[in-house]
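S.K.: One structure follows; several queries about it will come next.
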Amino acid sequence: QVRLVESGGGLVGPGGSLRLACAASGRIRSLDAWGWYRQAPGKQREFVARVPALGRINYADSVKGRFTISRDNAKNTGYLQMNDLKAEDTAVYFCNVAVLEWGAFSQTDYWGQGIQVTVSS
């Protein structure tokens, strides 16, 4: 079993910055793609950004140029640096990672518990 713990959310004013972190622990053999998603009140969960183990990083158009996704493989942690935050970025943010666990033959998708980001003056 693998556990994801998110941190770094909170309340920030428009134009401010936050850095989300998502730490994975457990029977981890390897981690494939990290992703971040968000869900605003009354809306469906939407894609924010994704960084594969190898390959191209992808961002939603709404966050391009403002958000940066990264990963620290040594720490089994994914990050989302959010700059120039806007009111419309207010949502619960969820991390997601594909994990190959020890003893498993295929990857399993895991999700964090979600963390609130509120952008308001």
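S.K.: Charges on Cβ only, +1 for Lys and Arg, -1 for Asp and Glu, centred on the Cα centroid of the chain; of Asn83, Pro52, Val117, which one is farthest towards the dipole's positive end?
M.R.: Positive-end residue among those listed: Pro52.
S.K.: About its Cα centre, what dipole magnitude does the chain give when the only charges are +1 on Lys and Arg Cβ and -1 on Asp and Glu Cβ, stated in debye to the nearest 20?
M.R.: 120
S.K.: I've got another one for you. Would you mind estimating how fast the chain diffuses translationally, via Stokes-Einstein at 20 °C and 1.002 mPa s with the Kirkwood radius over Cα pairs, in µm²/s?
M.R.: D, rounded to a whole number, is 147 µm²/s.
S.K.: Give the residue from Leu11, Cys95, Ser25 lying farthest towards the positive end of the charge dipole for the chain; charges sit on Cβ (+1 for Lys and Arg, -1 for Asp and Glu) and the dipole is referred to the Cα centre.
M.R.: Ser25
S.K.: What does the accessible area per residue of segment 17-121 come to in Å², with a 1.4 Å probe and no ligands, DNA or RNA counted?
M.R.: Dividing the accessible area of segment 17-121 by its residue count gives 54 Å².
S.K.: Next question. Could you pull out every one of the lysines with an alpha carbon less than 21 Å from that of Lys64, ignoring same-chain neighbours closer than 8 positions?
M.R.: Lys43, Lys86
S.K.: Quick one: with all protein chains in place, what share of the accessible area of the chain is carbon or sulfur, to the nearest percent (1.4 Å probe)?
M.R.: So the carbon and sulfur contribution to the accessible surface is 48 percent.
S.K.: Another question, if that's okay. If you take every DSSP beta bridge whose two residues both sit in the chain, what share of them, in percent to the nearest 5, is antiparallel?
M.R.: 95
S.K.: I need the calculated FRET efficiency for the pair Arg19 and Trp102, taking r as the beta carbon distance and R₀ as 41 Å, to the nearest 0.05.
M.R.: 0.85
S.K.: Can I ask one more? If I stretch the segment between Gln113 and Ser30 completely, what's the gain in nm (0.36 nm per residue apart, minus their alpha carbon distance), one decimal?
M.R.: 27.8 nm
The values are calculated or read from the model by the stated rules, or taken from the named source; none is laboratory data. These numbers come from a predicted model, not from an experiment. Virtual Cβ from ideal backbone geometry, glycine too; neighbours counted across all protein chains shown. SASA here: full protein model, heavy atoms, side chains in, ligands and nucleic acids out. Shrake-Rupley method; radii C 1.70, N 1.55, O 1.52, S 1.80 Å.
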